[in-house]
Amino acid sequence: MSEGSLNMARRITIFDTTLRDGEQCPGASLTPTEKVEIAKQLARLGVDVIEGGFPIASPGDAQAVRMIARAVKGPTIAALARSLPADIDAAAASLAPAKKKRIHVFLATSPIHRKYKLRKAREEILRQAVWAVRYAKRFSRDIEFSPEDASRTEPAFLHQVIEAVIKAGATTVNIPDTVGFAIPEEFGRLIHGMMERVPNIHRAVISVHCHNDLGLAVPNSLSAIANGAGQVECTVNGIGERAGNASLEEIVMSLRVRPDIFHATTGIDTTHIYKTSRLVSSLTGIIVQPNKAIVGDNAFRHESGIHQDGILKYRQTYEIMRPQDVGVGESKLVLGKLSGRHAFARRLVSLGFRLSKPELERAFARFKVLADKKKEIFDNDLVAIVEDELPAAQEIYKLVYVHTTSGTDTVPTATIKLSKEGKLLHAASCGDGPVDACYKAINRLTGMAPELCAYSVHSVTRGKDALGEATVKLRYRRAEVMGRGTSTDVIEASAKAYVNAINRLLAQGSERSAARRSLRP
Ligand code: KIV
Ligand code: ZN
């Protein structure tokens, strides 16, 4: 990029909604403490706005927004509200401790939502939208308004709503493609039309918020940026309602790799992308598909001989960005059996982890056990160990011991020991296989029998001694949670994942989460 084009680059506002829309991803519920941990990492990543939650939806969401508003410095903290007094009051109350706060009000404008969901005529919608912005303005100067399902709204009515809410004081107007229906060229035209036809459009920032139902969330967002949008709403790893939201890392890296097309920059420190992706995956339990752009395991792997040869001769033959640019380490041998605590801690800091003393001690103990079993320890192994040791959820139950027997013509059995508040509990069970036997024994000990909706195991690194990472999705009294566990023994990893999910269910309280889901947009 030439210096001239750099000077002309527009600065795009990155509005991260991982903790609100991202958390609407089935199974991805986070405790307030986990949300704060992610929010702090989002601040290090350099996002401009963090949408922390939807405070009216549940006391947990309200508490999370309040804790983020108190603990996270730098970005603006946003909270979502319907265009109703109680919602706006709840958002304002949660945001009170924030230095920079934004109330994000929304109201559906499309004919289908007006007729079937809201049963309101256009005039009523217009009046309510204006009222909501004015009311929210009492609590904050920074107000965002979203006409929900904007991409399926009649353009003339959409323009009318936008003009009116800007006049009422909206500082950002967000155009959601709520159901992921738009096509990039069409969505770009929609933004362009607004720029041309809404007389006061330049008094507000135009934002976009795209869902991925047709796999077009990122192309739609980029097309909107090319047509004048100044803010983009996105989530880490693209998680979110149904097929998800536009992925933060894909948008940011597209802008960075193609300045010739977009002439736009962001405030993101891209070297934090990978670490943020791992943290979100680990705390939500939503694994990243291997071929996911930018942050998937295969994103920088070259299998073809021709490609490898090209890379060795001149890297850019097959690489449009460097793994280091997004914080992906060269997955190399980093430490061994004889490495000391100091080297271990230093390596973690270089991977972006700052652990408390007790966390570091626990992670180091895990590292030593792993080093006895595994000859080579890679960065990804360290990341998996640390993620296991971070307090992902209140640890009510802890797995202490697993023993299983299974084989041809043998009834699979498992003996499990769990600790709870310093007390040791043990039980045995048989099952259809060793993992099923473990899960039945854990159910006996916890008195819970959640439905196992999904189960998978994959290896963290390569080789037969690789760490196995198990992921489970449990459903219990209408709440769904994910759980994760790692070990060189896949049965132990599976038991850890199950206990992790049970702890999340207990931390969350199933009724609270069911109530929250019913309110979500
Ligand atoms: O998808 C959507 O329309 C939303 C709004 C609340 C912005 O998430
Ligand atoms: Zn959304």
_Probe radius 1.4 Å, ligands and nucleic acids ignored: give me the carbon and sulfur share of the accessible area of region 398-514 as a rounded percent._
50
_Probe 1.4 Å, protein heavy atoms only - accessible area per residue of region 398-514 in square angstrom_ = 47
*With the other protein chains left in place, how much accessible area per residue, in square angstrom, belongs to region 301-387 at a 1.4 angstrom probe?*
60
*Sticking with the crude label model, points 7 Å out along Cα→Cβ, report the distance from Thr33 to Glu154 in nm, one decimal please.*
5.3
*Just grab the label-to-label distance for Val400 and Ile183, each label 7 Å out from Cα along the Cβ direction, in nm (one decimal).*
6.3
*Calculate how steeply helix 248-257 sits against the longest principal axis of the alpha-carbon atoms of the chain, using the helix alpha-carbon long axis, and give the answer as 0 to 90 degrees to the nearest 10.*
70
*Report the full-extension gain for the segment Met195 to Arg122: residue separation times 0.36 nm, less the Cα-Cα distance, to one decimal in nm.*
24.1 nm
*Where the accessible area of region 301-387 is counted over protein heavy atoms with a 1.4 Å probe, how much of it, in %, is carbon and sulfur?*
57
*Listed pairs Lys101/Lys137; Lys35/Lys275; Lys357/Lys417; Lys292/Lys368; Lys337/Lys373; Lys35/Lys100 exceeding 20 Å between Cα atoms*: Lys357/Lys417; Lys292/Lys368
*Residues His302 and Arg138, FRET efficiency given R0 of 56 Å [Cβ-Cβ distance, rounded to 0.05]*: 0.50
_Extended-chain gain in nm, criterion 0.36 nm per residue less alpha-carbon gap, Leu425 and Lys357_ = 21.7 nm
*Where in region 9-32 does the amide nitrogen come within less than 20 Å of the point 7 Å from the Cα of Gln289, taken along Cα to Cβ?*
18, 22-28
_region 120-167: trypsin sites (Lys or Arg not before Pro) in DSSP coil with no more than 13 other Cβ atoms inside 10 Å_ = Arg138, Arg141
*Run the dipole for region 11-284 about the Cα centre, Lys and Arg Cβ at +1, Asp and Glu Cβ at -1, nothing else charged, and hand back the magnitude in debye, nearest 20.*
900
_With a 1.4 Å probe and all protein chains left in place, how much accessible area per residue does region 11-284 have, in Å²?_
34
_Largest to smallest principal axis extent of the C-alpha atoms in region 1-142, angstrom_ = 50, 42, 33
_Counting only protein heavy atoms and a 1.4 Å probe, tell me what percentage of region 11-284's accessible area is made up of carbon and sulfur._
54
_Of the GluC sites (Glu not before Pro) in region 79-151, those whose Cβ has at most 15 other Cβ within 10 Å and which sit in DSSP loop_ = none
_Chain lengthening between Trp131 and Asp372 when straightened (0.36 nm per residue, less Cα-Cα)_ = 80.3 nm
*What is the helix-to-structure angle for 155-168, meaning the angle in degrees between its Cα long axis and the longest Cα principal axis of the chain, kept from 0 to 90 and rounded to the nearest 10?*
90
*Against the longest alpha carbon principal axis of the chain, how many degrees, from 0 to 90 and to the nearest 10, is the axis of helix 379-389 turned?*
90
*asked:* With a cap of 11 neighbouring Cβ atoms within 10 Å, and only residues DSSP puts in a loop, list the GluC sites (Glu not before Pro) found in region 374-452.
replied: Glu421
*Please get the size of the charge dipole for the chain, origin at its Cα centre, with Cβ charges of +1 on Lys and Arg and -1 on Asp and Glu, quoted in debye to the nearest 20.*
1460
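The values are calculated or read from the model by the stated rules, or taken from the named source; none is laboratory data. Just so we're clear, the structure is a prediction, and the values are computed from it rather than from any experiment. Quick reminder, even Gly has a Cβ in these numbers, built from the backbone with ideal geometry, and neighbours come from all protein chains shown. Areas reflect the complete protein model, heavy atoms only, side chains present, ligands, DNA and RNA absent. Shrake-Rupley method; radii C 1.70, N 1.55, O 1.52, S 1.80 Å.
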